[in-house]
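Structure first, then comments.
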Amino acid sequence: MTAALAASATDIPANDPRTIAREHIETELAHVGTTVSATLLPSRHDLSDCANPVAFLQSKKFNANGRLFVGLQCQGAQERTVFLPAQINVQGAYLVATTSIKQGTLVTPAMLEVRKGELTSMIESTFSEPSDAIGKMAARNIERGGIIKRAYLQQALLVRRGQPVFYEIIGSGFRISGRGEALQEGHAGDLVNVRTEGSKLLAGRLSPEGVVKVSF
């Protein structure tokens, strides 16, 4: 009798599987917005005998409709792994234009306003922090009140071919700076070739300040 009761007890889930699955999603995706909520959708799986469930996500990506699948490993008499459909809702911050921004214009703090709302369908395409957009250049015209999407901005062109540019050579225990001519245009982070005033050729990464950093 005692053995039978013990065996029966192991078949009873210690926690509700769907609750564990939902809470796991919300914990794993908490970083994508201010508030993340998950709802488990109807499924054909019978979880009444899913003991000691362990939830996992094979991927933290969800589609534009906020759908993904959460895995659930069931222990006990019926050990198995099932995948449950879930609906995600993400609330958070995004940027909108406070004024019309023409193509080619550098974005300044005054051009941006932070708003909060649902981000589920545009989590990958928007900015949440003004600092991520400030200093970038509009790749297209943006209307006043329009959402600032990543595709609408690009790194600003810092130097043009033939333009005078400062360079800095950095090595172990020394630092040399000088002035030369940029041999191609470049954005922050680009590899730019420079002809020095002594006609030597150098190559380095363009810093956000417009200085070519050459490392040895």
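Quick note: the coordinates plus some simple rules give every number you see, no bench work behind them. All of these numbers come straight from a predicted model, not from anything done at the bench. Ideal geometry is used to build each Cβ from the backbone, glycine not excepted, and the neighbour counts take in all protein chains shown.
Structural remarks
- Residue-span extension gain [S199 to D46] - 0.36 nm each, minus C-alpha spacing: 47.5 nm
- Basic side chains Lys and Arg get +1 at the Cβ, acidic Asp and Glu get -1 at the Cβ, and with that the dipole of the stretch 140-216 about its Cα centre reaches some 180 debye.
- Averaging the Cα positions of each part gives two centres, and for the stretch 112-165 and the stretch 187-216 these lie 26 Å apart.
- Listed residues L106, L119, L41, most fluctuating in the chain (Gaussian network, C-alpha, under 10 Å): L41
- Computed over the chain, the per-residue total of -39500 (n - 2.57) for DSSP H runs of n ≥ 4 gives a 222 nm mean residue ellipticity of -3000 deg cm²/dmol, rounded to 500.
- Helix 17-28 axis, angle to the chain major axis (alpha carbon atoms, nearest 10°): 10 degrees
- Descending semi-axes in whole angstrom, ellipsoid equivalent of the stretch 157-215, from the Cα gyration tensor: 17, 13, 8
- For a straight C-alpha distance cut-off of 19 angstrom, the aspartates and glutamates reachable from K149 (same-chain residues fewer than eight places away being disregarded) are E113, E118, E124, E129, D132.
- Calculated P(r) tail over 18 Å for the stretch 91-154, as whole % of Cα pairs: 24 percent
- Sorted largest first, the spans of the alpha carbon positions of the stretch 107-216 along the three principal axes are 55, 30, 23 Å.
- An ellipsoid equivalent to the chain, defined through the eigenvalues of its Cα gyration tensor, has semi-axes of 55, 24, 12 Å when rounded to whole angstrom and sorted largest first.
- Stretching the chain fully between T105 and R67 yields a gain of 10.0 nm (0.36 nm per residue, less the alpha carbon separation).
- Listed by Cβ neighbour count within 10 Å, with the fewest neighbours leading, M111, M122 appear as M122, M111.
- A Cβ-based charge dipole, computed about the Cα centre of the chain with Lys and Arg at +1 and Asp and Glu at -1, lands at about 1020 debye.
- FRET E, pair S125, E185, Förster distance 41 Å, beta-carbon r, rounded to 0.05: 0.95
- Sum of side-chain charges, L201 neighbourhood, beta-carbon under 15 Å (Lys, Arg +1; Asp, Glu -1): +2
- Segment H31..Q155, full-extension length gain: 42.1 nm, with 0.36 nm per residue of separation and the alpha-carbon distance subtracted.
- Taking amide H as placed 1.01 Å from N in the peptide plane, L153 has its amide H under 5 Å from the amide H of A139, each at least 5 places away in sequence or on another chain.
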